[in-house]
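Read the structure below first, then the notes.
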Amino acid sequence: MPRKIAVYPGSFDPITYGHLDIINRALKIFDKVIVAVACNSSKNSLFPINERIDLIREALTGNERVKVDTFNGLLVDYVLSQHATVIIRGLRAVSDFEYEFQLAQINRGITLEVETLFMMTSVPYSYLSSSVVKEISSLNGPVDTLVPPVVKKALEEKFARNGFKP
Ligand code: ADP
């Protein structure tokens, strides 16, 4: 039987428990989930791409059904190159909808071979985003319930090094 492969793309700057929740739930539906860190994002990132990948790998602690990768260029081209047929995206609030709707329609306009599947956030993570985590950590606030310990440590090091920490 062909294996069902999904790609979960994003910035993951850094990975949070909200992302991990989506990955773990997607693993119940798919044989393999590829977490694909976007290289060509126009966003200013706190963590360089290699650090984001390392943090994802450490947070997932060697789950054999998850691959962590990066991609350049068109997402649908990357998805097809991985023999995947599904893009997974998470939805938190209504505010996510407009952007996700546009993205899904654009990708569908490029190819009908790839479907976008939306997974609703779990309630404890509905207000959780990488930006919120960065903000709290930069203010020396608690992030223990928001990110795995390895990410918490990386944030502390980053803000201490940048001199942001009070
Ligand atoms: P992007 O820049 O592509 O939005 P993110 O890393 O911010 O990258 O998010 C990647 C995906 O994970 C997006 O579909 C986003 O909606 C989803 N996501 C992020 N945080 C959560 C969360 N707390 N619960 C559910 N989905 C989430």
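The values are calculated or read from the model by the stated rules, or taken from the named source; none is laboratory data. Model, not experiment: these values are computed from the prediction. In this analysis, Cβ positions are derived from the backbone assuming ideal geometry, glycine residues included, and neighbour counts consider all displayed protein chains. To get the accessible areas, we keep the full protein, side chains included, count just its heavy atoms, and leave off ligands, DNA and RNA. Shrake-Rupley method; radii C 1.70, N 1.55, O 1.52, S 1.80 Å.
Under the rule that an exposed site lies in a DSSP loop and has at most 14 other Cβ atoms within 10 Å, name the longest stretch of the chain with no chymotrypsin sites (Phe, Trp or Tyr not before Pro) of that kind, not counting the sites themselves. Could you put the intermediate results ahead of the total?
Working: sites that count: 127, 164.
By the stated rule (loop sites, at most 14 other Cβ atoms within 10 Å), 1-126.
Equivalent ellipsoid semi-axes for region 77-137, as square roots of 5 times the alpha carbon gyration tensor eigenvalues: give them largest first, rounded to whole Å.
Values: eigenvalues 138, 34, 23 Å².
Largest first, region 77-137 gives 26, 13, 11 Å.
Roughly to the nearest percent, how much of the accessible area of the chain is carbon and sulfur, given a 1.4 Å probe? Carbon with sulfur: 55 percent of the solvent-accessible area.
Out of the GluC sites (Glu not before Pro) in region 77-166, which ones are loop residues according to DSSP with at most 16 other C-beta atoms within 10 Å?
Details: sites: 98, 100, 113, 115, 135, 156, 157; in loops: 113.
In loop regions of region 77-166 (DSSP not H, G, I, E or B), the sparsely surrounded GluC sites (Glu not before Pro) are 113.
Taking N as the residue count of region 7-166, its C-alpha radius of gyration divided by 2.2 N^0.38 Å amounts to 1.04. Pick from 32, 153, 134 the residue whose mean-square fluctuation is largest in a GNM of the chain, springs joining Cα atoms under 10 Å. Comparing 32, 153, 134 in a Gaussian network model of the chain, the most mobile one is 153.
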